[in-house]
1. For the modelled label position 7 Å from the Cα of Glu419 along Cα-to-Cβ, which residues of region 362-403 have backbone nitrogen atoms closer than 14 Å?
2. At a Cα cut-off below 17 Å, give the aspartates and glutamates reachable from Lys363, other chains included and same-chain residues fewer than 8 away excluded.
3. Accessible area of Ile78, 1.4 Å probe, to the nearest 10 Å²?
4. Order the peptides 186-199, 146-159 from the highest to the lowest mean number of other Cβ atoms within 10 Å of their residues.
5. Ranking request for peptides 300-307, 406-413: highest mean number of other beta-carbon atoms within 10 Å first, then the rest in descending order.
6. Run the numbers on region 239-353 and let me know its relative contact order in percent, using alpha-carbon pairs under 8 Å that are six or more apart.
7. If you restrict to DSSP beta bridges whose two residues both lie in the chain, what percentage is antiparallel, to the nearest 5?
8. Please list, or write none, the aspartates and glutamates whose alpha carbon is within less than 20 Å of the alpha carbon of Lys123, excluding same-chain residues fewer than 8 places away.
Amino acid sequence: MRNRTFFHLFLLVVLFLVSSTVFSQITDFPPDTVVGVPVNYTEAHVGKYTLPDPLVLADGQDVENADTWMKKRRGEIITLFEQNQFGTTPAMLKNIRYDVFDHQSTAFDGKAKRTQVTIYFSKDANEPKLDVLFYTPAHTMKPVPLLLYISFRANSMAVDDPGVRQGYYWNREHKRVPATGKGPWKPLEVQPILDAGYGFATIYYGDIEPDFAEGAQYGIRSLVDKNTDSPEQPDASGSFAVWSWGLSRVLDYFEKDKSVDAKRVAIMGVSRLGKTVIWAGALDERFAMVIPVCSGESGAALSRRNYGETIAHIASPKRYAYWFAPRYQDYAADPNLLPVDAHMLLSLIAPRPLLLITGNTDKWSDPYGEFLAAVAAEPTFNLFGKKGLQTKNHPPAGEAILHDIGYYMHDGGHGMVPEDWQVIVEFMQMHLGK
């Protein structure tokens, strides 16, 4: 009953907060318009909403303990997300195989050992395949915990290591081309993770399926029986379902590699890939930790808040409708009709540790909405004796809250800043061991 009381009190607090900026650290900003849809950046104009209760079963009974959550309610919520937001999960393919073409090579001036693996998803080597790059500390003799980062860049572009095999990426013309150069982004911060004693892995999301409306014909869905996932079905797979599926296949490999402690693998992604890792962690309980960065709308931010990006923006046919189940567009006009929201998505990670990273100038992604979702997910974590944020006061930029649910808002915008890596390492040390 204590969890029920907490959640009901939270709903009352929400009704107050939506008309007040007393707890928010985000400054109001002039409105905008995207794809013809107004964008609100004023807290007082968010509007009133009521969050669905994650701890009430479909039959109306309260969820009073962790056993009921795991055996009944968790599955109900996953089904609701599959039917209404992300679409069904692709079926397992029968002909998956691994080619370890670079094993434990010396990297980073002798500080690390590099392994590269290609995961083939069919007997045909020309079909979709996924390159996995990972490093372990050089002098470690035992399996190590590992951070798996899903990236916007091919592995050879993402890491400053000449030993990484040149990959391919999908360009703006939707062509698969060689990955030359490093692009406009800085290399990934691999060294802080290795220095802390952890492994670091990265994959390119376009290897799983390219990120454009017609991408399904080139990715994993091209190998799945069309009768099982017709695009005409309202709950057909969207891109997030496919990218998440791919992350689990990487974990399948790590379970076979003796250099990795597969029971202590954290997953991390930024922006749309932040949404991806939340859904992957929700579906696959083998992932030990989930770290979404600036995941925003349809990720960690509450959809019912009329602030920044909304369902109407993100699921518009002019933008990213293909990321989601077709039915998701039905909620663009009124997100209050959606039977789920971000707090329920975050609840699916319980009891495993969850770290949300946001930016105080990333208004489009609604960092305050992510904070409120984390607060509303706390009662589910409490079922397992885990600690949520334990506050309703939105912390200022640079002040981390690190419990079983963590929240850190950096001073900056959409994406990562160097300070984020320090917080990530600290969170991993708290929960995955030093």
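The values are calculated or read from the model by the stated rules, or taken from the named source; none is laboratory data. Remember, it's a predicted structure, so these values are computed and weren't measured experimentally. Reconstructed Cβ throughout: ideal geometry from the backbone, glycine too, with neighbour counts over all protein chains shown. Side chains included, ligands, DNA and RNA excluded: accessible areas come from the protein's heavy atoms. Shrake-Rupley method; radii C 1.70, N 1.55, O 1.52, S 1.80 Å.
1. Label zone hits: 362, 395-401.
2. Asp28, Asp32, Glu43, Glu297, Glu309, Asp411
3. 30
4. In descending order of packing, they fall as 146-159, 186-199.
5. Top of the packing list down: 300-307, 406-413.
6. With pairs under 8 Å counted, the relative contact order is 25 percent.
7. 55
8. Asp99, Asp131, Asp207, Glu209, Asp225, Asp252
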